[in-house]
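Peer 1: After the structure tokens below, expect a handful of questions from me.
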Amino acid sequence: MHEYTIVASLIDLCEKEAKKHHAKAIKHLQVSVGRLSGIEIHFLEQCFDTFKEETICHDATLSIELCDVVLLCSSCHEKSVVSENHFICPKCYSEDVAMIGGQELHVKSIEIIEE
């Protein structure tokens with residue numbers, strides 16, 4: 001389960017940001033996760049709730065935004081959101097596409113409680 005490693009990195013990032021801003025706690029953490037990132041959302045939530053204890057995030061909430069898969073077609077240069085794992089341009093039906101969204105994990109915001 002690589003979600004544990006992800007949560008450990010998120011908590012580490014929160015601790016660094018809190019220290020940099022002289023915060024006493026983290027109130028909220030918001031992340032965006034690509035639909036094809038391989039991250040299991042419910043495991044990520046469970047790991048966060050389990051491993052945040054005795055850290056700067058002990059009372060923090062986590063919100064997760066699921067990101068769509070976005071393709072860029074090399075033939076017609078159209079960007080398209082696809083809901084199924086069907087990697088063909090919906091405009092020109094070319095198979096010459098690149099996935100430019102849907103595999104990411106980004107921290108969108110960290111809300112801190114100042115001292």
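Peer 1: For the chain, what number of Lys pairs, 8 or more residues apart or on separate chains, have alpha-carbon atoms under 27 Å from each other?
Peer 2: Counting lysine pairs in the chain gives 16.
Peer 1: For the chain, what is the charge dipole size about the Cα centre, in debye to the nearest 20, if Lys and Arg each add +1 at the Cβ and Asp and Glu each add -1 at the Cβ?
Peer 2: In debye, rounded to 20, the chain gives about 300.
Peer 1: If you wrap a convex hull around the C-alpha atoms of the stretch 5-95 and split its volume per residue, what is the figure in Å³? Numbers along the way, then the final one.
Peer 2: On the way: hull volume 10.7 nm³, N = 91.
Measuring per residue, one finds 118 Å³ for the Cα hull of the stretch 5-95.
Peer 1: Moving on. Once label points are set 7 Å from the Cα along Cα→Cβ at both Gln30 and Gln103, what is their separation, rounded to one decimal in nm?
Peer 2: 2.7 nm
Peer 1: Are there cysteines in the chain with no second cysteine's Cβ under 4.7 Å away, and if so, which?
Peer 2: So far as the 4.7 Å Cβ criterion goes, Cys14, Cys47, Cys57, Cys67 stand without a partner in the chain.
Peer 1: Another question about this same structure. Calculate I(q)/I(0) for the stretch 61-115 by the Debye formula, one identical point scatterer on each C-alpha and no solvent, and give its log10 at q = 0.12, 0.15, 0.27, 0.28 Å⁻¹ to two decimals.
Peer 2: -0.39, -0.51, -1.02, -1.07
Peer 1: If I stretch the segment between Ser9 and Phe43 completely, what's the gain in nm (0.36 nm per residue apart, minus their alpha carbon distance), one decimal?
Peer 2: Residue separation times 0.36 nm, minus the Cα-Cα distance, leaves 10.7 nm.
Every number here is computed from the coordinates shown, using simple stated rules; none is lab data. Keep in mind that this is a model prediction, so the values were computed, not measured. We place every Cβ from the backbone using ideal geometry, glycine too, and count neighbours over all the protein chains shown.
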